[in-house]
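To keep things clear, I will list the structure first and then write my remarks on it.
All of the numbers you see were taken from the coordinates with simple rules; none came from a lab. Because the structure is predicted, anything quoted here is derived from the model rather than measured. Cβ atoms come from the backbone with ideal geometry, glycine included; neighbour counts cover every protein chain shown.
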Amino acid sequence: MIRLHNTLSGRAEEFVPIEPGRVKLYTCGPTVYDYPHIGNWRSYVFEDLLKRVLLYRGFRVLHVMNITDVDDKTIKGANLKGLSLQEYTKPFIESFQAERETLSILAADHYPRATDPENIRGMVEIIKVLLGKGIAYRKDGSIYFAIDRFPAYGRLSKIALEDRRPGSRGGADEYEKESVHDFALWKAPKEGEPSWDTEIGPGRPGWHIECSAMSARYFGPAFDIHCGGVDNIFPHHENEIAQSEAANGVKFVNYWVHGHHLVVDGEKMAKSKGNFYRLSDVLAMGYDAAEIRFLLLSTHYRKMLDFTEGALRQARASLERIRNFLVDLAGITSDGPPHPEVARLIDSSRTGFIEALEDDLNISEALASIFTLIKKANVLKDKGRLVRKDAEDLRAFILLVDQSILSVNLASVTVHAAASDGGSGGGAEADIEKKIDARQKARADKDFKRADEIRQELLQAGIVLEDTKEGIRWKRVGPPKS
Ligand code: AMP
Ligand code: ZN
């Protein structure tokens with residue numbers, strides 16, 4: 001049984017899909033006026049974890065993520081560069097997809113764009129219904145949603161009407177409306193802005209309406225899970241509920257799952273604050289994609305994640321423990337009957353891992369069950385009790401966990417014992433071993449700075465060194481960089 005914290009009820013609930021065995025999942029995607037930052041990736045990684053847990057549990061998941069390619073910022077950026085919206089947003093969409101792959105986030109089934117004519121038609125349809133019901137009204141060429149005509153307004157964010165201030169994006173437009181709380185569904189044409197000629201008049205869509213229309217396009221009026229960062233709760237998701245439920249008369253979404261922010265010095269990482277790092281910045285700091293994904297993944301999604309170098313180092317150290325375990329397992333070559341304890345260890349680790357994830361994605365507990373397994377298996381290994389079959393079973397289990405959920409490239413951990421004579425083979429491996437020798441020499445000369453530099457160089461090339469009792473071993477943790 002999967003339990004998820006539902007923002008709507010404010011508590012963890014058992015997850016029951018509308019259609020048995022199938023999940024309709026909608027996650028708010030990027031506004032492509034710029035490149036994504038690590039904060040955005042935190043949200044997308046937590047959504048990936050949720051999706052992977054659902055898949056692991058055998059659900060078929062239909063996943064839609066929108067791409068906001070028309071809003072104040074994309075229009076401003078395109079105008080500044082003298083480009084069309086499509087030309088302007090293209091590199092940001094491409095980077096988004098490339099970085100998503102780097103972080104091993106499973107692709108959505110659909111990435112609808114707000115400017116797609118089919119989606120504009122869907123938005124116009126909803127607005128027509130809302131106008132017909134008298135819930136939307138026209139003013140100076142724009143169309144607004146009158147929130148006092150939707151009594152359930154505020155149920156998600158639990159903000160009383162009097163307290164409600166227009167959010168940074170929901171209401172920060174200068175369009176005239178009847179009440180400060182109302183929000184724009186359709187914006188009147190303006191000089192220098194793109195405009196669509198439609199049945200409800202010329203103009204461009206407001207932000208919220210796109211998610212109501214695009215989810216309906218693929219799911220119909222009701223679906224299972226809607227995700228986003230907590231900043232999306234109000235006004236964005238509150239407004240999505242209002243539009244969809246007022247138009248369709250059915251409950252829009254059963255489970256609202258929101259992830260907390262990634263912060264820097266206690267402040268939300270955001271483009272507007274200038275406190276952001278892109279994925280490429282963190283890679284340039286010498287951390288590999290798996291380590292970054294591990295960091296984003298390993299803090300529970302409803303806790304704030306403080307983005308610091310210390311946190312990155314800790315993620316690296318945790319991942320190293322798993323990688324080293326695989327390296328050690330590869331060194332177990334003795335034949336003989338398997339140790340009876342190993343099957344039990346794997347079993348209890350598997351159960352602990354998945355049950356923790358089913359409990360509102362409790363990743364810390366899930367990882368703890370893996371580290372417990374490693375610790376106990378290491379005790380057996382150090383006593384010389386493990387045989388090749390045990391090592392194979394343990395490795396297969398770790399790789400299954402990696403392949404299905406963690407996705408931190410553990411299958412690429414390959415082991416080599418560094419040759420003590422500087423390496424006899426040719427090519428890349430000989431180069432690596434030469435560098436290892438140079439590092440050994442630097443250490444012997446007490447030139448630790450140089451030794452560290454060499455270690456870093458190797459790391460950049462995806463090679464991790466390990467000092468063991470038997471000498472230096474190295475392993476590849478990523479594909480060789482060409
Ligand atoms: P945006 O491109 O601003 O529409 O944001 C895309 C997604 O990233 C949304 O789900 C936001 O909630 C999320 N997001 C933005 N900033 C952060 C942050 N600092 N930490 C976590 N998620 C964020
Ligand atoms: Zn949205």
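The longest stretch of the chain left intact once loop-based trypsin sites (Lys or Arg not before Pro) with at most 16 other Cβ atoms within 10 Å are removed from consideration, loops following DSSP, is 304-382. When GluC sites (Glu not before Pro) are flagged only if DSSP places them in a loop and at most 13 other Cβ atoms lie within 10 Å, the longest unflagged stretch of the chain comes out as 200-469. Only aspartates and glutamates eight or more places from LYS76 in sequence, or on another chain, were considered; those with a Cα closer than 20 Å are ASP34, GLU87, GLU94, ASP116, ASP173, GLU174, GLU191, GLU193, GLU210.
Report summary: the helix-based calculation at 222 nm, which adds -39500 (n - 2.57) for every DSSP H run with n ≥ 4 and divides by the residues of the chain, gives -14000 deg cm²/dmol. Rounded to the nearest whole Hz, the Karplus-based 3J(HN,Hα) values (6.51 cos²θ - 1.76 cosθ + 1.60, θ = phi - 60°) of segment 2-14 follow the sequence 9, 10, 10, 6, 9, 4, 5, 9, x, 8, 6, 10, 5, with x at glycine and proline.
Per-residue Cβ neighbour counts within 10 Å put LEU130, LEU367, LEU83 in the sequence LEU83, LEU367, LEU130, beginning with the fewest. Each residue of segment 255-270 was assigned a 3J(HN,Hα) from its phi angle through the Karplus curve 6.51 cos²θ - 1.76 cosθ + 1.60 (θ = phi - 60°); the sequence is 10, 9, 10, 10, x, 7, 7, 8, 10, 10, 6, x, 10, 3, 5, 8 Hz, with glycine and proline shown as x. The alpha-carbon of LYS446 sits under 29 angstrom from the alpha-carbons of these lysines, leaving out residues fewer than 8 places away in its chain: LYS434, LYS435, LYS469, LYS475. Of all DSSP beta bridges confined to the chain, the antiparallel ones make up roughly 55%. Over what distance in Å are the Cα centres of segment 97-159 and segment 52-83 separated? Distance between centres, Cα-based: 13 Å. Once backbone amide H atoms are built at 1.01 Å from N, ARG22 has ARG60 as its partners under 5 Å, excluding neighbours fewer than 5 places away on the same chain. Seen through its C-alpha gyration tensor, with square-root eigenvalues sorted a ≥ b ≥ c, segment 3-259 comes out oblate because a/c lies at 1.5 or above while a/b is not bigger than b/c. Ellipsoid semi-axes for segment 297-440, based on the Cα gyration tensor and the rule √(5λ), read 30, 23, 12 Å when sorted largest first. Applied to segment 314-331, the Karplus parametrisation 6.51 cos²θ - 1.76 cosθ + 1.60 on θ = phi - 60° returns per-residue 3J(HN,Hα) values of 5, 4, 4, 5, 5, 5, 4, 4, 6, 4, 5, 4, 5, 4, 4, 4, 5, x Hz, with x for Gly and Pro.
Which lysines, if any, have their Cα less than 16 Å from the Cα of LYS303, not counting same-chain residues under 8 positions apart? Partners within reach: LYS268.
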